[in-house]
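One structure is given below, encoded as structure tokens.
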Amino acid sequence: MNVCTYDNPDTMCRECWQDGQLLVHYSAELLMMGPNAIRSEYYFFGANVGPWKTGQMIGDIEAMENK
């Protein structure tokens, strides 16, 4: 299983990927509003990697590839 979280500068979204599938995304604008902008029960745990950092990738880049 390949997974990653990517602060994508092209889409300006934090994207959570697994095995070629985009699981969830949040806009950078929403993430920059602070830690309480998204209620915890609606915030995907894989996106909880700290503040927005343009271009940041955590995990395996292959998670974004369709195979």
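The numbers here are math on the coordinates, done by the rules we state, and not lab data. Not measured: the values here are computed from a predicted model. Because the Cβ atoms are built from the backbone with ideal geometry, glycine has one as well, and the counts that use them run over all protein chains shown.
Quote the charge dipole size of the chain about the Cα centre in Debye, to the nearest 20; the model charges only the Cβ of Lys and Arg (+1) and of Asp and Glu (-1).
Charge dipole, the chain, about its Cα centre: 200 debye, nearest 20.
Hey, could you get me the Stokes-Einstein D for the chain, Kirkwood radius over alpha-carbon pairs, 10 °C and 1.306 mPa s, rounded to whole µm² s⁻¹?
Rounded to a whole number, D works out at 133 µm²/s.
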